Amino acid sequence: MIYVVEDDAAIRELEEYALTSNGMETQGFPSAAPFWTAIRQSVPDLVILDVMLPEEDGYSILKKLRSAPSTAHMPVMMV
């Protein structure tokens, strides 16, 4: 599973389309709040993370991910 965190719906849909059309399973999130809810339930194989997000930016999210033992080594791509 690949989580895509991107506030621009058109970009998020394009990223998800590119991944799913190549056989990958994705789930998209428009902001940090629903992403945090989902990651508490299931840790993905990869996170594609936008830098400029409303409420909480990508750098802050990345810092929290790296500080938690369950996600410290999870791959993250910043876009």
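The values are calculated or read from the model by the stated rules, or taken from the named source; none is laboratory data. Everything quoted here is computed from the prediction, not taken from an experiment. A quick note on method: Cβ atoms are made from the backbone with ideal geometry, for glycine too, and the neighbour counts reach across all protein chains shown. Ligands, DNA and RNA are excluded from the accessible area calculation, which covers all protein heavy atoms including side chains. Shrake-Rupley method; radii C 1.70, N 1.55, O 1.52, S 1.80 Å.
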Go through the residues of segment 54-68 one by one and say whether even a single one is crowded, with 16+ Cβ neighbours inside 10 Å, hydroxyl-bearing (S, T, Y) and outside any loop (DSSP other than H, G, I, E, B).
no
Residue in segment 17-30 that is under 10 Å from the mean Cα position of the chain (by Cα) and surrounded by fewer than 16 Cβ atoms within 10 Å (Cβ to Cβ) present: yes
If you go through I39, I48, I11, the only one that is open to solvent by less than 60 Å² (accessible area, probe 1.4 Å), at pLDDT 95 or above, in a helix (DSSP H, G or I) and of a type outside the set (F, W, Y) is I39
